[in-house]
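Everything below concerns the one structure shown next.
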Amino acid sequence: MNSRRDFLQKLAASAIAMPFLSAYDALGNTDFHLSDNQGPVLRVAIMGLGGYASRVAEAMQSCKRAKITGLISGTPAKLQEWGAKYNVPEKNRYNYENFDNIKDNPDIDAVYVITPNALHHDQVIRVAKAGKHAISEKPMALNAKEGQEMVDACASAGVKLLVGYRMHFEPKTLEVIRMRQAGELGKILFFQGQCGFRIGDPSQWRLNKALAGGGSMMDIGIYAINGARYMVGEEPVWVTAQETKTDTIKFKEGVDETIQFQLGFPSGAVASCLSTYNMNYLDRFFLNGEKGFAELQPSTGYGPIKGRTNKGELTQPHETHQTRQMDEMAGIILDGNKPVVPVDGLEGVRDLKIIDAIYAACASGQRQDLNT
Ligand code: NAD
């Protein structure tokens, strides 16, 4: 790899010689593994150029430690458009048939999989087999068994697997976790997580069991599960759940509209949560302890997150979630940094075990014990 001085000299020379090209193009994309004294840059290929990928890509323009260097899509026009927009050369653009060839591409360190839920499993395993780190969007898979297979595949390939849990880096969320860990809220007794929105277009993949793996629980309810775990700071040992459905045409068999669920924790703390595709204005976390409380509302939207505790308003500044997430993930992958709340594959599997149990509880009406 070139030294930083070589890089800057090349950059200066190329800027004079080729003023119309970005630094990335001007260097022939040979070395972009450097950043301004922040450490090496994680070079990321984005797979699935849809709605959320667009948000991630825009946010990544402000990253200090992560950069888009590859694209994977089934639509040639999107590859063309995104390639031009983000300066990704043709040799770093792939489709779903040939992306295994990234194994021979030294410009790509990691692939961020942002496709419909059902595709994450096979795509992450192919990424691992190509020797690249994988970041999977949530839910990482359709069930815990699939999630564990992804964890195992990445472990045996010697690559890291992270899940796109952006809230794990959100400053107000982290402040509540700090307060809880410092004992400022006292013994934790109760958590409430309400996550939902009213879903539109009935033909979208989110309402297709084969692609989504379920309904609101897979998509938005997972935030309440994940939030219950990082807010209470324990792994639940039992779950009960009840499903209600008002529209059986839109929400077909296996696609949940609304689920209420309860979690029990080893300390005796309990959580009461709601996941729905049928109600707007539902994005709220409430944590109650013997000495205080914390409330976040909105709690998991794109922000700014707002919150208060028994001590007053939370004032930590907002930063675009995906910018911070990708910079932090670069540190995790390249430097071995340990985040306050894990974002690795096992964290995703833990959520999926709870989702499996919630669906089992809805089907049986029985409380499910969790072996965590
Ligand atoms: P989307 O429909 O906007 O985009 C999905 C992309 O996958 C599209 O570009 C589509 O062309 C592509 N695709 C590839 N194969 C496909 C197939 N067989 N069927 C349908 N589409 C296919 O969806 P999205 O909102 O971008 O969601 C993608 C993933 O990101 C989901 O797993 C979702 O849960 C996750 N997501 C996460 C967040 C977050 O805040 N972390 C937010 C939104 C979505």
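The values are calculated or read from the model by the stated rules, or taken from the named source; none is laboratory data. Keep in mind that this is a model prediction, so the values were computed, not measured. All Cβ positions, even for glycine, are placed from backbone atoms using ideal geometry, and neighbour counts span all protein chains on display. To get the accessible areas, we keep the full protein, side chains included, count just its heavy atoms, and leave off ligands, DNA and RNA. Shrake-Rupley method; radii C 1.70, N 1.55, O 1.52, S 1.80 Å.
In the stretch 322-349, the residue that is surrounded by the most Cβ atoms within 10 Å (Cβ to Cβ) out of those that are within 30 Å of K291 (Cα to Cα) and touching a Gly at 6+ places or on another chain (Cβ under 9 Å) is V343. For V88, indicate whether it is among the hydrophobic types (A, V, I, L, M, F, W, C) and assigned to a loop (DSSP other than H, G, I, E, B). Yes. One residue is enough: does the stretch 195-204 have a residue meeting the conditions assigned by TED's automatic domain parsing to the domain that holds P266, within 23 Å of G50 (Cα to Cα) and of a type in the set (A, V, I, L, M)? Within the stretch 195-204, one or more residues are assigned by TED's automatic domain parsing to the domain that holds P266, within 23 Å of G50 (Cα to Cα) and of a type in the set (A, V, I, L, M).
Residues of the stretch 108-129 that are away from the ligand (no atom under 16 Å from the Cβ) and either surrounded by fewer than 20 Cβ atoms within 10 Å (Cβ to Cβ) or in a helix (DSSP H, G or I) (or both): A128, K129. Which count do you get for residues in the stretch 48-98 that are more than 17 Å from E319 (Cα to Cα), surrounded by 19 or more Cβ atoms within 10 Å (Cβ to Cβ) and of a type in the set (D, E, K, R)? Final tally of qualifying residues: 2. Checked against (1) farther than 21 Å from K338 by Cβ; (2) in a helix (DSSP H, G or I); (3) assigned by TED's automatic domain parsing to the domain that holds H121, I222 meets all criteria but (3).
R198 is checked against (1) within 13 Å of the ligand (Cβ to nearest atom); (2) of a type in the set (D, E, K, R); (3) assigned to a loop (DSSP other than H, G, I, E, B) and fails just one. What number does that condition carry? Against the list (1) within 13 Å of the ligand (Cβ to nearest atom); (2) of a type in the set (D, E, K, R); (3) assigned to a loop (DSSP other than H, G, I, E, B), R198 comes up short only on (1).
For (1) in contact with a Ser or Thr (Cβ under 7 Å, 6 or more places away or on another chain); (2) within 16 Å of the ligand (Cβ to nearest atom); (3) among the polar types (S, T, N, Q), each residue gets a yes or a no:
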{"position": "M217", "(1), (2), (3)": "yes, yes, no"}
{"position": "A224", "(1), (2), (3)": "yes, yes, no"}
{"position": "R229", "(1), (2), (3)": "no, no, no"}
{"position": "T248", "(1), (2), (3)": "no, no, yes"}
{"position": "Q262", "(1), (2), (3)": "yes, no, yes"}
{"position": "Q297", "(1), (2), (3)": "no, no, yes"}
{"position": "G303", "(1), (2), (3)": "no, yes, no"}
{"position": "K311", "(1), (2), (3)": "no, no, no"}
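Within this structure, G147 fails the test of being touching a helix residue (DSSP H, G or I) at 6+ places or on another chain (Cβ under 7 Å), modelled with pLDDT of 95 or more, in a loop (DSSP other than H, G, I, E, B) and not β-branched (V, I, T).
Residues of the stretch 285-309 that are open to solvent by 30 Å² or more (accessible area, probe 1.4 Å), closer than 22 Å to R324 by Cβ and either in contact (Cβ under 8 Å) with a residue 60 or more places away in the chain or β-branched (V, I, T) (or both): Y302, G303, K306. Given the condition under 13 Å from E347 (Cβ atoms), under 12 Å from the mean Cα position of the chain (by Cα) and within 15 Å of the ligand (Cβ to nearest atom), answer yes or no: does some residue in the stretch 143-154 qualify? The answer is no, given that none of the residues of the stretch 143-154 is under 13 Å from E347 (Cβ atoms), under 12 Å from the mean Cα position of the chain (by Cα) and within 15 Å of the ligand (Cβ to nearest atom). Filtering the stretch 52-74 to residues that are within 17 Å of the chain's Cα centre (by Cα) and near the ligand (Cβ under 9 Å from one of its atoms) leaves Y52, A53, S54, R55, V56. Just one of (1) closer than 14 Å to M329 by Cα; (2) in contact with a Pro (Cβ under 9 Å, 6 or more places away or on another chain) fails for H120. It is (1). If you go through the stretch 159-202 and keep only what is closer than 17 Å to M218 by Cα and of a type in the set (S, T, Y), you end up with just Y165. Within the stretch 325-372, being out of contact with any strand residue (DSSP E or B) (no Cβ under 8 Å at 6 or more places or on another chain), within 17 Å of G164 (Cβ to Cβ) and assigned to a helix (DSSP H, G or I) holds for Q325, E328, G331, L346, V349, R350, D351, L352, I355.
Given the options K187, K172, K160, name the one that is touching a residue at least 12 places away in the same chain (Cβ under 8 Å), closer than 19 Å to A224 by Cβ, open to solvent by 10 Å² or more (accessible area, probe 1.4 Å) and not acidic (D, E). When all the criteria are applied, what remains is K172. On the given criteria, is S275 closer than 24 Å to A57 by Cα, at pLDDT 95 or above and open to solvent by less than 10 Å² (accessible area, probe 1.4 Å)? The answer is no for S275.
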